[in-house]
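Here the structure is laid out as structure tokens; the discussion comes afterwards.
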Amino acid sequence: MLDVIQRLRSNIATVYMGNLQAVDRLILCLLARGHALIEDVPGVGKTVLANALARSVDCRFSRIQCTPDLLPADITGVSIFNREQNRFEFQPGPIFANIVLADEVNRTTPRTQSALLEAMSEATVSAEGEVMSLPQPFMVLATQNPYEFEGTYPLPENQLDRFLIRMSLGYPSPDDEGRVLRLQPARTSLRELKPVTSEQEVVALQDAVDEVKLEDSLVDYIIAIATASRDADDLQVGISPRGALALAQAARATALMDGRNHCEPEDVVGNVLAVCAHRVVTRAPMHTGDTLTARRIVQRVLESVPSPA
């Protein structure tokens with residue numbers, strides 16, 4: 001299994017020449033059956049990174065370019081009248097894929113953003129009075145620009161809560177940026193990128209994550225972190241049970257990527273900010289784009305809870 005993970009890392013790194021920790025975060029999210037939100041300023045490689053992961057897995061991939069005029073039916077699908085059959089037939093939308101890239105998700109309206117909610121939470125789509133299952137594995141990779149940029153609609157809290165992790169890429173180092181300028185990977189190498197694993201192997205890895213042992217002491221540790229966040233004076237809303245469950249699953253995936261069949265405290269600590277900071281609501285004005293405040297508070301909450309030996 002570790003060879004599959006290493007193949008994914010190496011393949012993505014051939015075209016994404018930035019923060020390699022972001023590559024591991026994205027693979028972790030895939031193995032944990034989660035969805036990822038990549039937030040940063042334009043031009044730092046968000047779409048390249050998401051595309052590289054999707055092209056590295058031999059499965060169905062679709063891209064949704066989010067715009068203000070995008071409608072929910074453009075994502076989920078629509079019924080079209082078939083004159084030969086004299087009946088309406090449902091034409092599935094781009095959400096019916098294994099890996100879905102929702103590019104610049106906060107440039108579309110909240111109504112359209114909500115079309116992703118059921119798919120991300122239940123892996124199903126309700127349309128025409130029917131509930132249709134989505135293929136497995138299923139993962140949404142969403143990119144967004146910071147809230148203070150023009151033409152953006154902030155994601156509501158219930159939508160943010162569906163993302164296993166939220167991460168930013170930052171600017172590349174001078175050496176990495178030099179490689180980008182010389183090789184232009186986004187224009188050439190990305191189109192030539194070949195799959196290095198199959199959807200069956202990904203599902204097997206996801207099943208292996210479920211088998212990773214999480215000791216009772218670590219379960220109590222995660223609960224203690226969530227409880228401390230709910231009691232924090234500078235938070236209106238702390239970490240929910242869904243957030244605690246996501247943290248446990250991320251810890252299991254981290255252990256598997258490290259070649260272990262059991263979790264350690266570091267697996268929990270290393271994922272708290274990426275998994276939990278976007279799930280809390282501070283007492284500061286909402287939707288100001290200041291994600292650093294939530295991260296500072298969650299870090300302080302984490303430091304206040306004793307780690308198990």
Please work out if SER304 is farther than 30 Å from ASN106 by Cβ and modelled with pLDDT under 95.
-> yes
For the stretch 189-212, the count of residues that are buried (at least 16 other Cβ atoms within 10 Å of the Cβ) and in a helix (DSSP H, G or I) equals 8
Among the candidates ILE239, ILE225, which residue alone is surrounded by 15 or more Cβ atoms within 10 Å (Cβ to Cβ) and part of a loop (DSSP other than H, G, I, E, B)?
-> ILE239
Out of all the residues in the stretch 58-76, which are of a type in the set (Asp, Glu) and surrounded by 14 or more Cβ atoms within 10 Å (Cβ to Cβ)?
-> ASP58, ASP74
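Matching residues to (1) aromatic (Phe, Trp, Tyr); (2) closer than 24 Å to GLY18 by Cα; (3) without any contact (Cβ under 8 Å) to a residue 40 or more places away in the chain:
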position: ASN106; (1), (2), (3): no, yes, no
position: THR109; (1), (2), (3): no, no, no
position: LEU116; (1), (2), (3): no, no, no
position: THR124; (1), (2), (3): no, no, yes
position: PRO146; (1), (2), (3): no, yes, no
position: PRO156; (1), (2), (3): no, no, no
position: ILE165; (1), (2), (3): no, yes, no
position: SER168; (1), (2), (3): no, yes, no
Does any residue of the stretch 251-270 turn out to be closer than 20 Å to MET120 by Cβ, part of a helix (DSSP H, G or I) and at pLDDT 95 or above?
-> yes
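Output yes when any residue across the stretch 213-220 is closer than 30 Å to VAL4 by Cα, assigned to a loop (DSSP other than H, G, I, E, B), touching a Leu at 6+ places or on another chain (Cβ under 7 Å) and not assigned by TED's automatic domain parsing to the domain that holds GLN21, and no when none is. Don't jump to the end; show me each part of the working.
Just the residues of the stretch 213-220 that are closer than 30 Å to VAL4 by Cα, to begin with: 213-216, 218-219.
In the following step, the residues that additionally are assigned to a loop (DSSP other than H, G, I, E, B) were identified as 214-215.
Of the ones still in play, those that are also touching a Leu at 6+ places or on another chain (Cβ under 7 Å) are none.
No, the stretch 213-220 contains no residue that is closer than 30 Å to VAL4 by Cα, assigned to a loop (DSSP other than H, G, I, E, B), touching a Leu at 6+ places or on another chain (Cβ under 7 Å) and not assigned by TED's automatic domain parsing to the domain that holds GLN21.
The values are calculated or read from the model by the stated rules, or taken from the named source; none is laboratory data. The model shown is predicted, which means the values in this text are computed figures rather than measured ones. No Cβ is skipped: glycine too gets one built from the backbone with ideal geometry, and neighbour counts run over all protein chains shown.
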